[in-house]
Amino acid sequence: MIGAQWGDEGKGKITDLLSRSADVVVRYQGGVNAGHTVVVQDQTFKLHLIPSGILYPNTKCIIGSGTVIDPKVLIQELDQLEALKISTRNLLISETAHVTMPYHRLIDQASEERRGDHKIGTTRRGIGPTYADKSERTGIRVVDLMEPEHMKKQLRWTINYKNGILEKLYDIQPLDPEEVIAEYLEYAERLRPHVVDSSLEIYEAFRHRRNILFEGAQGTLLDLDHGTYPYVTSSNPVAGGACVGAGVGPTMIDRVIGVAKAYTTRVGEGPFPTEQLGDVGQMLCDRGAEFGTTTGRQRRCGWFDAVIGRYAVRINGLDCLAITKLDVLDELDEIKVCVAYELDGQQCLDFPGNARQFAHCRPIYKTIPGWKQSTADCRTLEDLPMQALDYLKFLAELMEVPIAIVSLGASRDQTIIVEDPIHGPKRALLYTKGEQPSKGEQPAAPNSPEIHLAS
Ligand code: GDP
Ligand code: IMO
Ligand code: MG
């Protein structure tokens with residue numbers, strides 16, 4: 001399950017729903033930059049690193065190898081869950097995940113300040129510098145923390161090296177290696193009972209035909225390789241990232257489910273063609289309570305963008321979509337959907353890989369009538385106002401992907417399961433433009449969606 005936009009699509013809620021049918025839930029990338037909100041009755045859980053399946057007592061939750069782990073935040077999260085009587089005994093942590101250290105946070109903060117107008121708008125949680133050290137091969141891994149004598153030697157060397165950078169490049173007070181070592185030795189003992197060979201755990205579950213859910217953090221457009229670079233995160237949230245990050249082969253993944261809001265949000269810097277800076281943006285922000293779960297920053301809001309939607313279908317090979325926050329659009333007289341971009345006088349249906357071109361793309365909208373009534377209590381497609389159903393069908397047709405789940409509120413029951421996304425037939429509902437060819441059949445030439453352009 002992946003985010004199909006710029007993050008915060010409501011993945012936490014959908015993971016929680018799908019976890020009902022999952023034996024194992026795996027986070028495969030990202031770190032405490034993620035903020036996933038799950039609402040169960042009158043309780044709200046905000047998870048950063050722990051998979052959103054943790055609320056089910058028998059579900060195994062794995063923090064995979066491709067994640068970066070800030071042990072301080074992880075331990076706070078464990079404490080918070082336990083205080084709420086949620087068992088964390090089924091939480092497993094990959095021994096090969098990398099560890100976020102105090103110097104990563106300091107460097108993330110200082111480099112954002114140094115960038116001035118060129119800042120990325122990171123969460124300042126040290127994510128980029130932790131992944132940079134992984135690539136540079138100076139990273140600290142969970143397995144290093146598990147061997148105290150080795151860890152002391154490694155940290156003394158690394159902290160001295162990083163102190164040079166902190167002092168000379170950023171004018172920051174050096175860290176005391178012995179203090180950091182003492183702090184991390186304590187974290188290591190707290191986490192030790194959870195540390196495992198996670199790829200092996202997942203493979204064993206696979207061999208026993210267990211249902212395994214890979215839970216993406218962030219979203220497709222924040223992907224380091226396929227997103228709006230450089231305004232991206234430092235990992236691979238796309239579906240392919242699950243293989244590398246969890247340590248599984250592509251043949252082990254049966255289905256890919258994308259989560260998208262019924263409109264679009266983005267937090268941090270970077271181009272956002274359908275952004276609405278006026279009343280519409282403010283209304284979406286107010287009704288959608290669009291403030292970051294991790295940083296509290298106000299999210300930028302705008303209309304649904306089917307160009308990036310189609311891109312997410314392609315990059316992730318989506319089988320179906322969960323559309324969230326449809327209820328946020330309830331009061332609008334009319335709703336716009338970006339069906340294509342205009343770039344240098346040309347119509348453009350595909351997301352351009354060139355960042356400078358993307359920054360110049362202008363949205364071409366189709367306007368759809370609103371339904372002007374509450375959808376919060378709808379539980380079946382038949383309960384939805386006709387215009388809301390038409391809106392969903394239009395999105396499905398534009399992106400050529402079926403919609404399996406519609407979410408109309410934060411709580412578990414405010415959901416329409418159109419089709420069981422795990423066990424139901426593939427590529428079925430709310431997609432009326434003809435079935436996908438089955439394996440071996442000659443695929444039809446790709447149609448461009450039938451779009452009636454209206455800017
Ligand atoms: P994530 O990062 O993708 O897990 O999303 P976040 O949790 O950061 O942000 C989504 C927010 O929307 C959370 O506060 C959810 O409780 C809330 N939410 C999820 N689905 C719906 C929905 O269908 N309607 C409304 N109104 N809120 C929702
Ligand atoms: P979830 O999992 C939305 C954004 C940051 C910034 C960029 C890089 O809750 O959907 P980073 O700290 O990762 O180096 O910041 O990525 N970002 C997110 N935006 N949701 C998230 O996670 C995000 N995680 C990072 O705002 O623009
Ligand atoms: Mg979030």
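Of all residues in segment 209-258 being acidic (Asp, Glu) and surrounded by fewer than 22 Cβ atoms within 10 Å (Cβ to Cβ), which is farthest from ligand 2 (Cβ to nearest atom)?
254
When you check residue 72 against the structure, is it part of a strand (DSSP E or B) and either open to solvent by 30 Å² or more (accessible area, probe 1.4 Å) or within 13 Å of ligand 1 (Cβ to nearest atom) (or both), yes or no?
No, not satisfied.
Of 347, 357, 276, which residue is of a type in the set (S, T, N, Q), away from ligand 2 (no atom under 14 Å from the Cβ), over 18 Å from the mean Cα position of the chain (by Cα) and under 25 Å from residue 375 (Cβ atoms)?
None of the other options fit; the residue is 276.
Looking only at segment 33-53, count how many residues are part of a loop (DSSP other than H, G, I, E, B) and within 12 Å of ligand 1 (Cβ to nearest atom).
Here the count works out to 5.
Can we say residue 269 is in contact (Cβ under 8 Å) with a residue 60 or more places away in the chain and surrounded by fewer than 24 Cβ atoms within 10 Å (Cβ to Cβ)?
Here the answer is yes, as residue 269 does meet what is asked.
When segment 5-30 is examined, which residues are found to be over 27 Å from residue 314 (Cβ atoms) and within 14 Å of ligand 3 (Cβ to nearest atom)?
16
Can you name every residue in segment 89-104 that is in a helix (DSSP H, G or I) and surrounded by 19 or more Cβ atoms within 10 Å (Cβ to Cβ)?
Answer for segment 89-104, where residues must be in a helix (DSSP H, G or I) and surrounded by 19 or more Cβ atoms within 10 Å (Cβ to Cβ): 103, 104.
For residue 296, state whether it is at positive phi, surrounded by fewer than 20 Cβ atoms within 10 Å (Cβ to Cβ), within 16 Å of ligand 3 (Cβ to nearest atom) and not aliphatic (A, V, I, L, M).
Here the answer is yes, as residue 296 does meet what is asked.
Quick check: is even one residue across segment 375-384 in contact with a Lys or Arg (Cβ under 8 Å, 6 or more places away or on another chain) and open to solvent by 30 Å² or more (accessible area, probe 1.4 Å)?
Checked against the condition, which is being in contact with a Lys or Arg (Cβ under 8 Å, 6 or more places away or on another chain) and open to solvent by 30 Å² or more (accessible area, probe 1.4 Å), segment 375-384 yields no hits at all.
Starting from segment 398-425, take each residue that is over 20 Å from residue 256 (Cβ atoms) and of a type outside the set (S, T, N, Q) and list its partners that are open to solvent by less than 10 Å² (accessible area, probe 1.4 Å) and within 16 Å of ligand 3 (Cβ to nearest atom), counting only C-beta distances under 9 angstrom and pairs at least six apart or across chains.
Every condition considered, the pairs that remain are 408/324; 410/38; 412/16; 412/38; 416/407.
Before we move on, is residue 313 away from ligand 1 (no atom under 16 Å from the Cβ), of a type in the set (A, V, I, L, M) and touching a Phe, Trp or Tyr at 6+ places or on another chain (Cβ under 7 Å)?
Taking the combined requirement at face value, the residue does not satisfy it.
Looking at segment 7-26, which of the residues that are assigned to a loop (DSSP other than H, G, I, E, B) and near ligand 1 (Cβ under 10 Å from one of its atoms) is surrounded by the fewest Cβ atoms within 10 Å (Cβ to Cβ)?
Among residues in segment 7-26 that are assigned to a loop (DSSP other than H, G, I, E, B) and near ligand 1 (Cβ under 10 Å from one of its atoms), the one surrounded by the fewest Cβ atoms within 10 Å (Cβ to Cβ) is 10.
Identify, please: which residue in segment 279-293 is over 14 Å from residue 332 (Cβ atoms) and open to solvent by 40 Å² or more (accessible area, probe 1.4 Å) and is, among those, nearest to the chain's Cα centre (by Cα)?
The extreme case among them is 291.
Can you tell me which condition residue 29 does not meet? The list is (1) open to solvent by 10 Å² or more (accessible area, probe 1.4 Å); (2) under 24 Å from residue 323 (Cα atoms); (3) polar (S, T, N, Q); (4) modelled with pLDDT of 95 or more, and all the others hold.
Residue 29 satisfies all of (1) open to solvent by 10 Å² or more (accessible area, probe 1.4 Å); (2) under 24 Å from residue 323 (Cα atoms); (3) polar (S, T, N, Q); (4) modelled with pLDDT of 95 or more except (1).
Please go through segment 93-138 and pick out each residue that is over 18 Å from residue 181 (Cα atoms) and basic (Lys, Arg).
Selection gives 114, 115, 119, 124, 125, 134, 137.
The values are calculated or read from the model by the stated rules, or taken from the named source; none is laboratory data. As the structure is a computational prediction, the values presented were derived from the model and not from experiment. Here the Cβ is made from the backbone with ideal geometry for all residues, glycine too, and neighbour counts use every protein chain on show. Ligands, DNA and RNA are excluded from the accessible area calculation, which covers all protein heavy atoms including side chains. Shrake-Rupley method; radii C 1.70, N 1.55, O 1.52, S 1.80 Å.
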